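Remarks on the structure that follows.
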Amino acid sequence: MQLLSVAIENYVREHSISETLLLSELRRETYLKVLMPRMLSGPVQGSVLAMLVRMVRPQRILEIGTFTGYSAIWMASAMPSGSKLITLDINEELSEMVQKYIRRAKLQDVIETKIGHALEIIPTLEEPFDLVFIDADKINYLNYYELALEKLSSGGFIIADNVLWHGKVVDSGKKADAKTQVLKDFNAFVQQDSRVENVLLPIRDGLMVAQKK
Ligand SMILES: C[S@@+](CC[C@H](N)C(=O)[O-])C[C@H]1O[C@@H](n2cnc3c(N)ncnc32)[C@H](O)[C@@H]1O
């Protein structure tokens, strides 16, 4: 389910920070060469992430789910100087492509990539992070959220992607499939969690933004 009409989506894009030529090339290469290219955030969500980064001015970002590096490059380009973004992915096959675009974006000193299962890597990372972007396997969203909260500075933010799950979280009258149920449970958990203040932004597939108190 598309939350916004194509016309509105285009209008929003035309009135937001533009995707750089490099990011547009990365997006095109992802759609040409990589399986499930729709996992990539896209220009509107990329510009939203970049603006949130400009507002928060995080010194350290953790991204869970690199894919081809599209969202990492959007966020890293908006970070203050001297800051660092660590991005994790279990899939080694995309590494070469990710590194190529990080080099071309001249962000080698800002973005550090790590390969492996996020649940194993996160506990080994130095803390704190000021912003954590959760965008990997949905089944582990609550686990990532708990680990992220532990590593987050006070006042820091968690942003979790796909929390509207193509609108399926509000489907009534039929039993939710496993991933939909995971996301419904995740949203309900965050909503009642007294450790955070949260807002669900209906951007693209839904961004849950939670600030640690
Ligand atoms: C939706 S994509 C990330 C998209 C990217 N953030 C963007 O917007 O361009 C999800 C990624 O999570 C990765 N992933 C899935 N399970 C993982 C795990 N257990 N640990 C680390 N990464 C994982 C997948 O390999 C995939 O590349």
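Every number in this text was worked out from the coordinates using simple rules, so none of it is lab data. Keep in mind that what you see is a predicted model, and the values were worked out from it rather than measured. With ideal geometry, Cβ positions are generated from the backbone for all residues, glycine too; neighbour counts draw on all protein chains shown.
The aspartates and glutamates within cross-link reach of K179, meaning a Cα-to-Cα straight distance under 20 Å and a gap of 8 or more places when in the same chain, are D89, D135, D137, E146, D161, D171, D205. Sorted fewest first by neighbouring Cβ atoms within 10 angstrom, L88, L52, L125 come out as L125, L52, L88.
Under a Cβ-only charge scheme (Lys and Arg +1, Asp and Glu -1), can you give me the dipole magnitude of the chain about the Cα centre, in debye to the nearest 20? Each step should come with its number before you reach the end.
Values: 25 positive and 27 negative charges, 83 e Å.
That gives the chain a dipole magnitude of about 400 debye.
Taking amide H as placed 1.01 Å from N in the peptide plane, the amide H of L107 sits under 5 Å from none that are at least 5 places away or on another chain.
In percent, rounded to a whole number, the relative contact order of the chain is 18, using alpha-carbon pairs under 8 Å and six or more apart. Sequentially through region 86-96, phi angles give Karplus couplings (6.51, -1.76, 1.60; θ = phi - 60°) of 9, 10, 10, 8, 7, 8, 6, 4, 8, 3, 4 Hz, Gly and Pro residues having no value and appearing as x. Rounded to two decimals, the Cα-based Rg/Rh of the chain, with Kirkwood Rh, is 0.94. For region 98-103, putting each phi into the Karplus relation 6.51 cos²θ - 1.76 cosθ + 1.60 with θ = phi - 60° gives couplings of 4, 4, 4, 6, 5, 5 Hz, in residue order, rounded to whole numbers and with x for Gly and Pro. The amide H of S16, built 1.01 Å from its N in the peptide plane, has no neighbour under 5 Å, considering only residues 5 or more places off or on other chains.
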